[in-house]
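Here is the structure we will look at, set down as structure tokens.
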2 protein chains.
Amino acid sequence: MSSTVAKALSLLDYFSDSEPEIGLSELARRSGVDKATVHRMLAVMCDHGLLEKRGDARLYRLGAGVLRLARVRETAFPVSSVFQQSLEALSAQIGETAHASLISGRALATIGVCEASRGSRVSLVAGEILPFHSTASGLAVLAFSRPELVDRLLAEPLAARTSRTPTDAEVIRARLQEVRLTGYAEADQTNEDDVYGIAMPVFDTDGTATGAIAVAVPAHRMTNDLRRQIIAALFAEAETLNAGIGGRPPATFRAAVARFGAA
Amino acid sequence: MSSTVAKALSLLDYFSDSEPEIGLSELARRSGVDKATVHRMLAVMCDHGLLEKRGDARLYRLGAGVLRLARVRETAFPVSSVFQQSLEALSAQIGETAHASLISGRALATIGVCEASRGSRVSLVAGEILPFHSTASGLAVLAFSRPELVDRLLAEPLAARTSRTPTDAEVIRARLQEVRLTGYAEADQTNEDDVYGIAMPVFDTDGTATGAIAVAVPAHRMTNDLRRQIIAALFAEAETLNAGIGGRPPATFRAAVARFGAA
DNA sequence: ACCAATGGTGACAATAATGAACCGATGGGA
DNA sequence: TCCCATCGGTTCATTATTGTCACCATTGGT
């Protein structure tokens, strides 16, 4: 299960907005791989432009290659830019931080963030890899994904990100069932303390979830009224978003939308 | 010399704007690696979100992971967005296609394109990996790079992209010397037939070239007058661009600018 | 019905990855 | 000033990973 390429690629996961440059030893420590090995992998990735080391300092950072790759994907299948618009609309309407993420292998990749303008807001460490089981976005996506993906993900041990994180697979399956009924997922400090997230899935042309949009609020500020407001905004934005990327919500989701509209 | 990670990563190079989705056998054929091996690598890269296979078809395409990586790099070191502005200005002023590229390992990665609005224009296959020795951008960058990089690149065999491509290392070194004097590089159908390119380097904080901006014109339409016009525009745009990304042109380049201004 | 592709899988020999020890440089503290 | 810790980077024998090849199951064109 531990191919060399996998180890090399997982090094990329450590780069995020909060830590865009990392040193050799640091990466070795985090990944638990030997320094020599990490060094060799980094050299190869530099050779291919995925990484580069800043001239003066001895730190590694993401290279120009990733810009090219993203450009290619974005011109062929534009989604990132479409998401960004929705995020801005959401953030402006609710006055809280909104973010979007897409399925990226066995986790979620944050591909857009729009912070609220107000002072006390959730300033999430963007660009990070999000686990499926502890985030509202993860649950929202998982609830409308292929069962095989759910099984594969829940088979692995689930890390407790906070004291409230559900780590039992069966508990999560039950929550997914709820999400399928309501059409949205909530995460009350299960991924980060003091952060309450509400997320809604976004779909592909074939009716499976590909990502999610979400609003994150400081937990102490969340009220029932704000909840309803956010959920309504998410439903509206999800619809325009699905239209924008050619997503077709499955019947189960459309039923949830109808139930919410009737209430 | 052929690490597995290198082979895996080089698979990514085959994805471009003209071919955003590729099948297993096709990739195996192009890379010259066995099908089984390629399959294993693709599986790993899918697992990490660098690639993904479209639900219905059996084709692989770049995954959401690359969007995240690009976002991280771009928020930490914004260059792509700055370049795009310059490209639009250039293209509008000259009326021809402009593009930008950055050093990405042992090649150039196109990170931005702005096509001219007129009918007959150079519509380059964007998002591709560009060789250093056959493109104006490559020569422009190489002329102001560290000698070690030049040596490393010219040590390898140079592919003839067209009948005019210089493949002799010494010939190229001579051209680099010219570029150092003039401050810009020209490529008359050395990378693609009927395409005449003029490029100018863009610098890093430490005075080494990191990329280039270029204008591509259908070769039959190039005139001496247009040449001068393009070069002047490139000089102007390169200056604002260097200011925008904090680049510091070295003395050799500043001297070239002065010589051009005096003429 | 055929044939030639395609995507995908399994087992074994060969190769490439591994990690401990080591080096020189740097920098901070006592 | 000396010392020690840490850094990036390198070397080399051991061993686990990889590449090869042979084989399926499907698909689509003739």
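Just one of the listed residues (A:9, A:51, A:59) is over 30 Å from residue A:240 (Cβ atoms), within 13 Å of DNA strand D (Cβ to nearest atom), hydrophobic (A, V, I, L, M, F, W, C) and more than 10 Å from chain B (Cβ to nearest Cβ), and it is A:59. Against the test of being in the same structural domain as residue A:186 (by TED's automatic domain parsing), outside any helix (DSSP H, G or I) and modelled with pLDDT of 90 or more, the options A:238, A:243, A:214, A:233 yield a single qualifying residue, A:214. Close contacts from segment A:232-248, counting a first residue that is open to solvent by less than 10 Å² (accessible area, probe 1.4 Å) and a second that is hydroxyl-bearing (Ser, Thr, Tyr), with Cβ to Cβ under 9 Å and a gap of 6+ residues or different chains, come to A:234/A:184; A:238/A:86; A:238/A:184; A:241/A:86. Within segment A:12-21, if we keep just the residues that are at pLDDT below 95 and not in a loop (DSSP other than H, G, I, E, B), the residue that is nearest to DNA strand D (Cβ to nearest atom) turns out to be A:21. Looking for something more than 11 Å from chain B (Cβ to nearest Cβ) and within 30 Å of residue B:101 (Cα to Cα) - is there at least one such residue anywhere in segment A:110-118? Checked against the condition, which is being more than 11 Å from chain B (Cβ to nearest Cβ) and within 30 Å of residue B:101 (Cα to Cα), segment A:110-118 yields at least one hit. Just one residue in the set A:88, A:52 is farther than 21 Å from residue A:131 by Cα and assigned to a strand (DSSP E or B); that residue is A:52. Against the numbered list (1) more than 9 Å from DNA strand D (Cβ to nearest atom); (2) within 12 Å of another protein chain (Cβ to nearest Cβ), residue B:29 comes up short only at (2).
Here residue A:81 clears all of (1) buried (at least 17 other Cβ atoms within 10 Å of the Cβ); (2) without any contact (Cβ under 8 Å) to a residue 24 or more places away in the chain; (3) within 12 Å of chain B (Cβ to nearest Cβ) except the condition numbered (1). For segment B:92-104, filtered to residues that are over 12 Å from residue B:130 (Cβ atoms) and without any contact (Cβ under 8 Å) to a residue 40 or more places away in the chain, the residue that is farthest from the other protein chains (Cβ to nearest Cβ) is B:95. If you check A:29, A:68 for being at pLDDT 95 or above and either surrounded by 21 or more Cβ atoms within 10 Å (Cβ to Cβ) or outside any strand (DSSP E or B) (or both), only one passes: A:68. Please work out if residue A:228 is farther than 23 Å from residue A:134 by Cα, assigned by TED's automatic domain parsing to the domain that holds residue A:150 and open to solvent by 40 Å² or more (accessible area, probe 1.4 Å). Here the answer is no, as residue A:228 does not meet what is asked.
Looking at segment B:11-23, which of its residues are within 20 Å of the chain's Cα centre (by Cα) and open to solvent by less than 30 Å² (accessible area, probe 1.4 Å)?
B:11, B:12, B:15, B:16
Here the condition is being surrounded by fewer than 13 Cβ atoms within 10 Å (Cβ to Cβ) and under 30 Å from residue B:57 (Cα atoms); of A:155, A:199, A:159, A:209, it holds for A:155 alone. Of all residues in segment B:162-187, those satisfying the criterion of being hydrophobic (A, V, I, L, M, F, W, C) and either open to solvent by less than 20 Å² (accessible area, probe 1.4 Å) or in contact (Cβ under 8 Å) with a residue 24 or more places away in the chain (or both) are B:172, B:176, B:179, B:181, B:185, B:187.
The values are calculated or read from the model by the stated rules, or taken from the named source; none is laboratory data. On a predicted model such as this, the values are computed, not experimentally measured, just so you know. Every residue, glycine among them, receives a Cβ derived from its backbone with ideal geometry; neighbour counts consider all protein chains shown. SASA here: full protein model, heavy atoms, side chains in, ligands and nucleic acids out. Shrake-Rupley method; radii C 1.70, N 1.55, O 1.52, S 1.80 Å.
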